[in-house]
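S.K.: Structure incoming, see below.
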Amino acid sequence: MKPDGGILAIKSSKDSTLTYPILISEVKNQGTNDLRAKEGLRQQAQGNAIERLGKNLNGKA
């Protein structure tokens, strides 16, 4: 799984080796069918953000 995004974490004040993730984000580009048409490719189906979130949280490709 290679999302275009990142993880924001905080470090423990008692143990600097401990970190706690507080935000995990992913960048998605919508509306690429116009670019695909210019390349002679067919349109892609519209995605569902909620389904993608569930898929990514489970770590499935």
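S.K.: When region 7-29 is examined, which residues are found to be of a type in the set (Ser, Thr, Tyr), open to solvent by 90 Å² or more (accessible area, probe 1.4 Å) and not in a loop (DSSP other than H, G, I, E, B)?
M.R.: Tyr20
S.K.: Something else about it: Any residue that is open to solvent by less than 80 Å² (accessible area, probe 1.4 Å) and at pLDDT 75 or above - is there at least one of those in region 41-58?
M.R.: no
S.K.: Can you tell me which residue in region 19-40 is modelled with the lowest pLDDT, limited to those that are over 22 Å from Ile7 (Cα atoms) and not hydrophobic (A, V, I, L, M, F, W, C)?
M.R.: Gly31
The values are calculated or read from the model by the stated rules, or taken from the named source; none is laboratory data. Nothing here was measured: the structure is a model prediction, and the numbers come from that model. For accessibility, only protein heavy atoms count, side chains too; no ligands or nucleic acids. Shrake-Rupley method; radii C 1.70, N 1.55, O 1.52, S 1.80 Å.
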